[in-house]
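What follows is calculated from the coordinates using simple rules that are stated; it is not laboratory data. Everything quoted here is computed from the prediction, not taken from an experiment. Note that we place each Cβ from the backbone using ideal geometry, even for glycine, and neighbour counts take in every protein chain shown.
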Amino acid sequence: MNLPPQALRDILNRIASRVVSPEAPVAAITSTGARYFLRQITESSIPNLFFLAHNEVPPGLRIQTLGNIQ
């Protein structure tokens, strides 16, 4: 991924603002293509954040939406 450092910090700050508790595991639903790159950005500062692609969520699983990151 070739983004300027400020853009990476902005993405990380937006994600971190939605994580309620840094100790509790949190899952973020994302596209398949973005999943790997988002994990690379967040793994050192938010280790309990896990990314799942839409197709990895089992049918019938109840999901509580905490917000959108745009």
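Regarding the range 45-56, can at least one residue be identified that is touching a Phe, Trp or Tyr at 6+ places or on another chain (Cβ under 8 Å) and of a type in the set (S, T, Y)?
No.
Give the residues of the range 1-34 that are among the polar types (S, T, N, Q), in a loop (DSSP other than H, G, I, E, B) and over 20 Å from N68 (Cβ atoms), sorted by residue number.
Step one: of the range 1-34, the residues among the polar types (S, T, N, Q) are 2, 6, 13, 17, 21, 30-32.
Okay, now just the ones that are also in a loop (DSSP other than H, G, I, E, B), so 2, 21, 31.
Scanning the range 1-34 gives a single hit, N2.
Looking at the range 35-65, which of the residues that are in a helix (DSSP H, G or I) and aliphatic (A, V, I, L, M) is surrounded by the fewest Cβ atoms within 10 Å (Cβ to Cβ)?
The residue in question is I41.
Within the range 14-30, is even one residue within 17 Å of L3 (Cβ to Cβ) and in contact with a strand residue (DSSP E or B) (Cβ under 8 Å, 6 or more places away or on another chain)?
Yes; the residues of the range 14-30 include at least one that is within 17 Å of L3 (Cβ to Cβ) and in contact with a strand residue (DSSP E or B) (Cβ under 8 Å, 6 or more places away or on another chain).
Considering only residues that are in contact (Cβ under 8 Å) with a residue 12 or more places away in the chain, surrounded by 12 or more Cβ atoms within 10 Å (Cβ to Cβ) and among the aliphatic types (A, V, I, L, M), which ones fall in the range 1-33?
L8, I11, L12, I15, A16, V19, V26, A27, A28, I29 - these are the residues of the range 1-33 that are in contact (Cβ under 8 Å) with a residue 12 or more places away in the chain, surrounded by 12 or more Cβ atoms within 10 Å (Cβ to Cβ) and among the aliphatic types (A, V, I, L, M).
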